[in-house]
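Quick notes on the structure that follows.
Nothing in this text is a laboratory measurement; each read-out follows from the coordinates by a stated rule. Predicted model only: the values in this text are computed from it and were never measured. Don't worry about glycine lacking a Cβ; one is built from the backbone with ideal geometry, like all the others, and counts go over all protein chains shown.
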Amino acid sequence: MKSIISSVIAVAFVGHTQAQTRALADSTGLPGDGFDLAGAVELFKQAPNLEAFERALNEEASQVNNLDLDGDERVDHIRVVDHKSGEAHAIVLQVALSQSELQDVAVIELEKTGEAAAMLQIRGAEELYGSDVLVEPLAEEDAGTAPAKGPSAPELARVQVWVNVWAWPCVTWIYGPSYVVWQSPWYWGHYPPWWRPWRPMGWRAWYRWNRPYHVWYRPVYVCRVPNADAVYRPRASYSPRIHRATAPIRQQRAAMRTTRPDARTAPAPRMDRRQRDVRGKERSVPRTRPVDRAPRTRPAQRAPRTAPAPRAPRPARTPAPSRAPRRR
């Protein structure tokens, strides 16, 4: 009985150690670890307007905000400010550290791309996340290949596509005819009466708690809303003390990206079964344009073998002369 209990405790300890290792590996060491960009987009998707969105950001039950930039052991209040130019919006999420000091946390860059189409990305502030940290919503759809038949047929291949956010309630409200550019009425020292700040969690507890928003959002490395990004750049706000405090870690992470081995020399990533099936179908499709190749040359033919020349007959052997018998 004692051996069984010891085994259970050992397995639990190993699992706990592995979970802590994964949590530490996912930590960047920057303050942005305390604010979930994907969760902010999800709250924006569900909110009817920016006022409701700001309130959801500052509720503990939302599991999005765990920032404490001023170090007072209380989670910071996040205010929402919209900057508009034409059909592009830069919706800034920022923290007031003092009467004259603001620090942007992230910016939701929204841009109308058609009569009933809009695209959205959220960009983390460089002082809190490092450079070029972008997250966007995603959706999956069929890849367009015909499904195979049979009991051992592979699953239907699916691809990730960008999401048209035009139907989101807050987007419809922003592009409505009665919209007035929103600016939060709350500032440093003057907070809403319903706001109750809570004690921030440690990274390990926050890592285990904050997991519900990472399914339908993905990090990207290309800005798809350049007009909205151009609206935000000259209006960005950052705190000098936060900038100085995070500079060593940001420089270290930038150096790690620049010294990363070349993709051509790195081993190819492993593909799962779905990707292998798609790759096999792509190879089976005939090419529409032939590839220029050098014509094959046949090896030179050997000369036919000739029959061997007949050998001359051997001369017949002459018998040896007989000896006369000796006389006695």
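Would you pull out the residues with amide H under 5 Å of residue 239's amide H, same chain only if 5 or more places away, H placed 1.01 Å from N?
It is 104, by chain and number.
What's the local net charge at residue 47, with K and R +1, D and E -1, over the other residues with C-beta under 12 Å away? Let's see the in-between values first.
Values: positive: 45, 55; negative: 42, 51, 54, 59.
Value of the local net charge: -2.
Under 14 Å from the Cβ of residue 102, count the other residues' Cβ atoms, weight Lys and Arg +1, Asp and Glu -1, and hand me the total. Let's see the in-between values first.
On the way: positive: 79, 235, 241; negative: 70, 76, 101, 104, 127.
Net of charged neighbours comes to -2.
Go through 161-167, 29-35, 119-125, 174-180 and give me the packing order, highest mean Cβ count within 10 Å leading. Provide the component values of the computation, followed by the final result.
Numbers: 161-167: 15.6, 29-35: 20.4, 119-125: 24.0, 174-180: 10.6.
With the highest mean Cβ count within 10 Å placed first, the list reads 119-125, 29-35, 161-167, 174-180.
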